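Trainee: For reference, the structure I am asking about is given below.
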Amino acid sequence: MSTATAESIATAPLDIRPLQPTIGAEIHGIDIGKPISPEVRDAIRAAVLQYKVVFFRDQNLDNDSHADFARQFGPLYTHPSTTHDPKITPIHNISALDNARFDKRQAKVKIKPGEAYHTDTSWRLVPTWGAVLRAVDLPPVGGDTVWVDANLAWQGLPDDLKERLEGLHVTHDYRSALLADGHDYPIVAHPVVRTHRETGQKILWVNLTQNPQILGVELSESRALIEEVLLQYKRPEYQVRFSWKPGSVAFWDNRAAVHYAVRNYGDYPRLLHRVLIADDPLYADL
């Protein structure tokens, strides 16, 4: 995989417009449905590393061009709950059906409304590193997505809380969803505080949708610590909020950000398509 650096951004013919100081940028002046040069690919990847999530507007992608774009950044991973034939396409629907299943899962793990901050495939030993999500059918208004800079969330913690969290592991339990799809997968535990392999940033990394429990401490302390993490995720100064429009595409670093889908559009059959980019199976972030 090619190295992505700040120099890649500076030398590529891209119009990159930051939305927040450290998280979120729109990239203009490119049609990602067409082949891109290695230089442009590296510049996009560098922007993803720098801003955690980048957005493209006015794109005209189908399933094939969507997957082709994502494939330039690594091998693709087909989610076990996808309804498409994985031999044909790795596209995963983020649809009303997925939302209904997600609501049932939230009820099982007792997630309160507004608290479903998560990262994709964290239940894997080596989670996917990237995700490319495109709008397919949108409600007239509503349905934004919020991404959180998990490094800023870490930086904003008091020093004593940082010391308590360093070295602890938290569970990621996706069994209820996978078993419903005919799959079984063990509960895994990842460090609460991870070091991003490429940027060196420390990341506060908890998935609120997967029944998290911090290991090695009393259950009451685990709950209290997770509540502190959630409060960090909810702080608007650590977030970027994206309003979807037809032709919108989001590409984010799944290791550096958590996200939250705003469900304020009633029963509209909102549909987005997602492609996941696998990480190197030989290692995971520390």
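Trainee: For a quick check of your reading of the model, give me the residue pairs whose first member lies in the stretch 117-141 and is of a type in the set (D, E, K, R), whose second is in a strand (DSSP E or B), with beta-carbon atoms closer than 6 Å and at least 6 apart or on different chains.
Mentor: Listed pairs, sorted by first residue: D120/A131; R134/V249; R134/H273; D137/L271.
Trainee: Restricting the stretch 49-69 to residues that are among the aliphatic types (A, V, I, L, M) and surrounded by fewer than 23 Cβ atoms within 10 Å (Cβ to Cβ), which is farthest from the chain's Cα centre (by Cα)? Outline the logic, then answer.
Mentor: First, the residues of the stretch 49-69 that are among the aliphatic types (A, V, I, L, M): 49, 53-54, 61, 67.
Add one more test, that the residue is surrounded by fewer than 23 Cβ atoms within 10 Å (Cβ to Cβ), and what stays is 49, 61, 67.
Values: L49: 13, L61: 20, A67: 17 Å.
Looking at the filtered set, the residue picked out is L61.
Trainee: Another one. Identify the residue in the stretch 240-257 that is of a type in the set (S, T, N, Q) and surrounded by 14 or more Cβ atoms within 10 Å (Cβ to Cβ) and, among all such residues, is nearest to R175 (Cα to Cα). Give the derivation first.
Mentor: In the first step, residues of the stretch 240-257 are kept if they are of a type in the set (S, T, N, Q); the result is 243, 248, 254.
With surrounded by 14 or more Cβ atoms within 10 Å (Cβ to Cβ) added as a condition, the list becomes 248, 254.
Values: S248: 32, N254: 20 Å.
Once the filter is applied, the top-ranked residue is N254.
Trainee: Take T128 and tell me if it is β-branched (V, I, T), within 17 Å of A257 (Cβ to Cβ) and buried (at least 18 other Cβ atoms within 10 Å of the Cβ). Break it down into steps so the answer makes sense when it comes.
Mentor: Numbers: β-branched (V, I, T): yes; within 17 Å of A257 (Cβ to Cβ): yes; buried (at least 18 other Cβ atoms within 10 Å of the Cβ): yes.
Against the criterion (β-branched (V, I, T), within 17 Å of A257 (Cβ to Cβ) and buried (at least 18 other Cβ atoms within 10 Å of the Cβ)), T128 qualifies.
Trainee: Only one residue in Y265, Y260 is in a loop (DSSP other than H, G, I, E, B), touching a Gly at 6+ places or on another chain (Cβ under 9 Å) and open to solvent by 10 Å² or more (accessible area, probe 1.4 Å), so which one is that?
Mentor: Details: Y260 fails: in a loop (DSSP other than H, G, I, E, B).
Sole residue among the options that is in a loop (DSSP other than H, G, I, E, B), touching a Gly at 6+ places or on another chain (Cβ under 9 Å) and open to solvent by 10 Å² or more (accessible area, probe 1.4 Å): Y265.
Trainee: Out of (1) under 16 Å from the mean Cα position of the chain (by Cα); (2) within 30 Å of N60 (Cα to Cα); (3) of a type in the set (A, V, I, L, M, F, W, C), the odd one out for L271 is which?
Mentor: Failed condition: (1).
Trainee: Another question about this same structure. Taking the stretch 14-45 as the region of interest, how many residues are closer than 16 Å to R57 by Cβ, open to solvent by 60 Å² or more (accessible area, probe 1.4 Å) and in contact (Cβ under 8 Å) with a residue 60 or more places away in the chain?
Mentor: Going through the stretch 14-45 one residue at a time, the tally reaches 1.
Trainee: For the stretch 203-252, give me each residue that is of a type in the set (F, W, Y) and over 19 Å from the mean Cα position of the chain (by Cα). Break it down into steps so the answer makes sense when it comes.
Mentor: At the first step, the residues of the stretch 203-252 found to be of a type in the set (F, W, Y) are 205, 233, 238, 242, 244, 251-252.
None; the set is empty.
Trainee: What residue, among those in the stretch 191-239 that are of a type in the set (S, T, Y) and assigned to a helix (DSSP H, G or I), is most open to solvent (accessible area, probe 1.4 Å)? Before the answer, list the steps.
Mentor: Keep residues of the stretch 191-239 that are of a type in the set (S, T, Y), which gives 195, 199, 209, 220, 222, 233, 238.
Okay, now just the ones that are also assigned to a helix (DSSP H, G or I), so 220, 222, 233, 238.
On the way: S220: 85, S222: 2, Y233: 0, Y238: 19 Å².
Only one residue fits best here, namely S220.
Trainee: Another question, if that's okay. Quick check on this structure: which one of D137, D159 is within 21 Å of E227 (Cα to Cα), surrounded by fewer than 18 Cβ atoms within 10 Å (Cβ to Cβ) and among the charged types (D, E, K, R)? Please lay out each step first, then the result.
Mentor: Values: D137 fails: within 21 Å of E227 (Cα to Cα).
Result: D159 is the single residue among D137, D159 that is within 21 Å of E227 (Cα to Cα), surrounded by fewer than 18 Cβ atoms within 10 Å (Cβ to Cβ) and among the charged types (D, E, K, R).
Trainee: Does Y238 meet the test of being in contact (Cβ under 8 Å) with a residue 40 or more places away in the chain, touching a Leu at 6+ places or on another chain (Cβ under 8 Å), of a type in the set (S, T, Y) and under 30 Å from G74 (Cα atoms)? Show your work before the answer.
Mentor: Values: in contact (Cβ under 8 Å) with a residue 40 or more places away in the chain: yes; touching a Leu at 6+ places or on another chain (Cβ under 8 Å): yes; of a type in the set (S, T, Y): yes; under 30 Å from G74 (Cα atoms): yes.
Yes; evaluated as a whole, the condition is true for this residue.
Trainee: Let me ask you something else. Could you pull out the residue among D181, D149, D144 that is at pLDDT 95 or above, surrounded by fewer than 16 Cβ atoms within 10 Å (Cβ to Cβ) and not basic (K, R)?
Mentor: Working: D181 fails: at pLDDT 95 or above; D149 fails: surrounded by fewer than 16 Cβ atoms within 10 Å (Cβ to Cβ).
Selected residue: D144, the only one of D181, D149, D144 that is at pLDDT 95 or above, surrounded by fewer than 16 Cβ atoms within 10 Å (Cβ to Cβ) and not basic (K, R).
The values are calculated or read from the model by the stated rules, or taken from the named source; none is laboratory data. Treat the numbers as computed from the prediction; the structure is a model and nothing was measured. As a convention, Cβ positions derive from the backbone with ideal geometry for all residues, glycine included, and neighbour counts pool all protein chains shown. To get the accessible areas, we keep the full protein, side chains included, count just its heavy atoms, and leave off ligands, DNA and RNA. Shrake-Rupley method; radii C 1.70, N 1.55, O 1.52, S 1.80 Å.
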